[in-house]
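The values are calculated or read from the model by the stated rules, or taken from the named source; none is laboratory data. Since the structure is predicted, the reported quantities are computational estimates derived from the model, not experimental observations. Here the Cβ positions follow ideal geometry from the backbone for every residue, glycine too, while neighbour counts run over all protein chains shown. In case anyone asks, the SASA skips ligands and DNA or RNA and just uses the protein heavy atoms, side chains included. Shrake-Rupley method; radii C 1.70, N 1.55, O 1.52, S 1.80 Å.
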Amino acid sequence: ATRFTLTSSLIWLASYAFIEAWVIWGFVFIPIQSTYLAPEVIQALVVLRAVLQSVAVVFLLQFGLRLVPWTRERLRAFSIASVVVWAAIIIVATVAAVNLGWNVLEWEDTTAALSRYVFFIPGALLSAYGMWRQREELSRSGMVGIRPYAALAAAALLVYAVVGGIIVEPAPWVPGGIANESGWFATTGLPLAVLRSLVVLALLLAVIKLLDIFEVEAKQQIETLDRARLVAEERARFGRDLHDGTIQSIYASGLHLEAVALNTDDADTRGEIGRVVGSLNATIDGLRGYIRGLQAPDGGPAGIASDLDRIVHDFVDDSHVEVTFRVTGQESCGPLPEDAGQHLAHILRESLANAARHAGPCTVSVRLTFRPDEINLVVADTGQGIRDEIAGEVAPGHGNGLRNMHERARWLGGRIVIEPGPSGGTRVVLAVPLDDVESTEMPATRQGIATEAMS
């Protein structure tokens, strides 16, 4: 389990290395077995070795593709295209071998050279670029000590693109000179296999150090669990204090007021006391709901939607204001921030309460939208509108309710705006960005989506 693009993509690099190891072993095993096995069997083994060579570089390309921030659709398109091109290489090499009379070894050399030019070079270059980009993610996560090894791996992959992709083994059609293995050795006197081994050794050492990410992540997860346990214990204590202290005090005050009402002969006073007692009972119900919220987890997008729906129904029952509630995108929601459900619930309660207190006769619409990279909550009423001095970004100087809404939005990493509705009334718009590992939209695009949701 890992949240990093780099470590979640390493399986593709490991697959490349595993298959490449079988290919190298085949260059030793097949010549030895040629004196013992039938020629047809040897030819079949050569064909298998050639296919494995081409498949290996496709895996390297897949590793590079996953390190670059493509959209999910584009990554899927590139992956499908790579399989189609791989099949085309096999077919083209086979047709050329039949038409030109190549033997199976020449067919293998052609297949290997084509695969290296088409897949290995872009795969190694993309891997180098993606590995270099991962340094930023490591720094943001506090893994500064691991960051240099990502740079070393990027440098090794960059050199590997040259010695493994541009300089290839001899084939009937490849360029001569230093661009193939024979010309390289004749020019430099250094076997290409030795140079490749040194580069891969540097890459191996870098990747081994990068595997420390798993250990660091495990420690961070343990620390997160410890913090969550402490928060849960504090919430439980806070809930007990509210229940045993505050609620009981309010309840006792209500009983005292009811006793006063029974001892007075003034009907107006009794009526006023009854209204105050009713308000105290509503406050107690609100506190009990808050305590339940402290004890219950968010439950994911479905749980949040259910909680907000219950809040809307309770508001309608108490205020008799017409409210519509709509939820979309629960299946595509990205990872939720901690306590997202509680913060959204409190913001919705405050928004509905403000509409009931200040909007006058009106209807209210509540829209909750989940996206892979964002949550939007829009509460709009058709009332008398909002004062100009509190429109726009919610400022901390406009009362506890608005200030608390602002603070909750900030805790979620989002922003909240109060503005006039397009047809009158008031809109409260909350936009909360989500940390979606598969989303690659730039901040400007994300801001555009938020603006679209607000409209």
Please identify the pairs in which a residue from the stretch 60-87 that is closer than 17 Å to S9 by Cα and open to solvent by 20 Å² or more (accessible area, probe 1.4 Å) has its Cβ atom under 8 Å from the Cβ atom of a residue that is modelled with pLDDT under 90 and in a helix (DSSP H, G or I), counting only partners at least 6 apart or on another chain.
-> R66/T5; R66/S8
Scan the stretch 322-335 and give yes if some residue there is modelled with pLDDT under 90, touching a helix residue (DSSP H, G or I) at 6+ places or on another chain (Cβ under 9 Å) and aliphatic (A, V, I, L, M), otherwise no.
-> no
Answer yes if at least one residue in the stretch 118-136 is surrounded by fewer than 23 Cβ atoms within 10 Å (Cβ to Cβ) and free of Cβ contacts under 8 Å to residues at least 12 places away in the same chain, and no otherwise.
-> yes
Among the candidates S127, S139, S115, single out the residue that is over 22 Å from V159 (Cα atoms), within 38 Å of the chain's Cα centre (by Cα) and of a type in the set (G, A, S).
-> S139
With respect to I375, is the statement that it is assigned to a helix (DSSP H, G or I), of a type in the set (V, I, T) and in contact (Cβ under 8 Å) with a residue 24 or more places away in the chain true?
-> no
In this structure, is L242 within 30 Å of N376 (Cβ to Cβ) and either open to solvent by less than 50 Å² (accessible area, probe 1.4 Å) or in contact with a Leu (Cβ under 7 Å, 6 or more places away or on another chain) (or both)?
-> no
Residue check for R3: in a helix (DSSP H, G or I) and not small (G, A, S) = no
Test for R235: is it closer than 30 Å to D109 by Cα, touching a residue at least 24 places away in the same chain (Cβ under 8 Å) and basic (K, R) = no
Within the stretch 226-244, residues being of a type in the set (D, E) and within 15 Å of R288 (Cβ to Cβ) number 2
Of the conditions (1) within 30 Å of E217 (Cβ to Cβ); (2) modelled with pLDDT of 90 or more, the single one that T71 does not satisfy is (2)
Pick from the stretch 158-188 the residues that are open to solvent by less than 50 Å² (accessible area, probe 1.4 Å) and of a type outside the set (A, V, I, L, M, F, W, C): which of them is modelled with the lowest pLDDT?
-> G177
Top-ranked residue in the stretch 339-361 [being assigned to a loop (DSSP other than H, G, I, E, B) and out of contact with any helix residue (DSSP H, G or I) (no Cβ under 8 Å at 6 or more places or on another chain); ranked as least open to solvent (accessible area, probe 1.4 Å)] | A359
Look at E215 and say whether it is free of Cβ contacts under 8 Å to residues at least 24 places away in the same chain and surrounded by 11 or more Cβ atoms within 10 Å (Cβ to Cβ).
-> no
